[in-house]
Amino acid sequence: MGSVAVIGEASQVRGFALAGAVVLVADDPEAVRAAWRGLPDDVCVVILTEAAAAAEAERADGTWPLVAVMT
C-alpha cells in the first residue's frame, strides 16, 4: 500500500502527520521543488497547499502520483 505526502507551509501541513501522512514542510518555491524531487518511492497521493501547487511545475505530466490541491 502506498503512502500520502503533504507539501506546503508548516502552518497548513503539520496536522496531516497525525493521520500518518509524510509531511514535507516547504515555505518557498525552491523548497517545494526539492520536496517534490525527494518524495519517497511509495508515495501514491500528494496533497499540496495552494502556494506549493503554484510553485510546482514538475508534476505537469499528470500521471503518478495522484495530486490534490488544498483550497
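Before moving on, here are some points about what is shown:
- Entirely in the chain, the helices (runs of 4 or more DSSP H) that have 1 or more residues that are among the acidic types (Asp, Glu): 29-37, 50-55
Here's the yes/no breakdown for (1) within 18 Å of Phe16 (Cα to Cα); (2) at pLDDT 90 or above; (3) among the aliphatic types (A, V, I, L, M):
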position	(1), (2), (3)
Pro29	no, yes, no
Arg33	no, yes, no
Leu39	yes, yes, yes
Asp42	yes, yes, no
Val45	yes, yes, yes
Thr49	yes, yes, no
Ala57	no, no, yes
Ala68	yes, yes, yes
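- Contacts under 9 angstrom Cβ, first residue in the stretch 13-27 being closer than 17 Å to Met1 by Cα, partner aromatic (Phe, Trp, Tyr) and not in a strand (DSSP E or B), 6 or more apart: Val22/Phe16
- Any hit, the stretch 9-24, residues being among the aromatic types (Phe, Trp, Tyr), touching an Asp or Glu at 6+ places or on another chain (Cβ under 9 Å) and surrounded by 12 or more Cβ atoms within 10 Å (Cβ to Cβ): no
The values are calculated or read from the model by the stated rules, or taken from the named source; none is laboratory data. Predicted, not measured: the structure shown is a model, and the values here were computed from it. With ideal geometry, Cβ positions are generated from the backbone for all residues, glycine too; neighbour counts draw on all protein chains shown.
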